[in-house]
Amino acid sequence: MTPNHPAVSPGLWALAWRRLRADRLAMAALAVVGLFLLSVLLSATGLVAADWEDEVALNYAPPTFLGPDPALAALARPAPPAPPNAFDPLAADLDALRATLAARGAAAAAPKAATLPFGADKWGHDIVKKTVKGGQTSIVVGLVAALLAVALGTLFGALSGFYGGRVDDLFNWFYSIFTSIPSILMILTVAAVLQTKGVLSIVLILGLTGWTGPYRLIRAEYIKHKAREYVMAADAIGASGWRKMFGHIFPNVSHVALVQVSILVVGFIKAEVILSFLGFGVPVGVVSWGSMLNEAQNELILGKWWQLAAAAGAMAILVTAFSLFADALRDALDPKVK
């Protein structure tokens, strides 16, 4: 006789995953995001694009599907040696020495390609490898800054919504100050005050200015949940305020924080590109999609469009996929959706 097992209703995360799997567009977007994250991991470990700074091609080498540029190929050919000066023995010795050094340098130097799969920049760097390396910087900035902003917004929102009173008034005052200034102006202001360039500076700039959205949503959730029966039961057994906030209430509102992370990543990647494009972003020697777009504006004058297309295309694909996945995740975690 088979024992009867009580039916167990699936939890919030199980239902959300079931809805996500049923959405083909969301799963396709998740696969694209996963490929970008895998490229970041491989680039950070040095397995991919570690040699992106090597000058492997001619300056502004075009993409392979366009074919080599005859003008660049003509410039790459070595100039014919000057005829020896028969009237000056010292000049003849110097010419011979120059020829010997040039021959040794040509033998030691690796031949530079006339074309690459997606072209080269003005230094002869491979655009594909440069785009992968730049994606590492932009994606890491977006992820870490989003986690920082959501952590601050969750902490401030939990304190404000749970305690209320003067604590709520204090955080609402800060919230009003930050939201009264347009976000891009706030970001540029903080960047100008810090006067430092680097990945850490960009993360701090974006994280310290982007907590207002998560704060507003988390505060509303805590105001709603603090009067629920399970919180009153925790209060009856003597649970502390921090335990009620983060041990009992936060697991029931964590889906809001997760959705905010996925939404802010998209905005912060675009913000990093804007900062690097305006000169407030990564320092010299560090590549990102924003710095690539900054370089590409001068290349467009010369008709060299491939660096702009590579950086803008990679960013557009990632931002679109992340936005689609964030929308699907928000719908999947909505308890009103059955």
> If packing is taken as the mean number of other Cβ atoms within 10 Å per residue, what is the order of 279-287, 13-21, 322-330, highest first?
Replying inline: 322-330, 279-287, 13-21
> So which of Lys197/Lys224; Lys112/Lys133; Lys122/Lys270 end up more than 32 Å apart, counting from Cα to Cα?
Replying inline: Lys197/Lys224
>> Going Cα to Cα from Lys129, which aspartates and glutamates come in below 17 Å? Please leave out same-chain ones fewer than 8 positions away.
In response: Asp51, Glu53, Asp54, Glu55, Asp121, Glu295
> Where does each of 57-68, 145-156 land if you order them by average Cβ count within 10 Å, highest first?
Replying inline: 145-156, 57-68
>> 5 Å is the cut-off here: which amide hydrogens, built 1.01 Å from N in the peptide plane, fall below it relative to Ala57, excluding neighbours closer than 5 in sequence?
In response: Ala113
> Can you work out ³J(HN,Hα) from phi for every residue in the range 277-282, in order, using Karplus 6.51 cos²θ - 1.76 cosθ + 1.60 and θ = phi - 60°, giving whole Hz and x for Gly and Pro?
Replying inline: 5, 8, x, 9, x, 5
> What whole number of Å gives the distance from the Cα centroid of the range 256-312 to the Cα centroid of the range 155-231?
Replying inline: 25 Å
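All of the numbers you see were taken from the coordinates with simple rules; none came from a lab. Remember, predicted model here, so these are calculated numbers, not experimental data. Cβ coordinates were reconstructed from backbone atoms using ideal geometry, including for glycine residues, and neighbour counts include every protein chain displayed.
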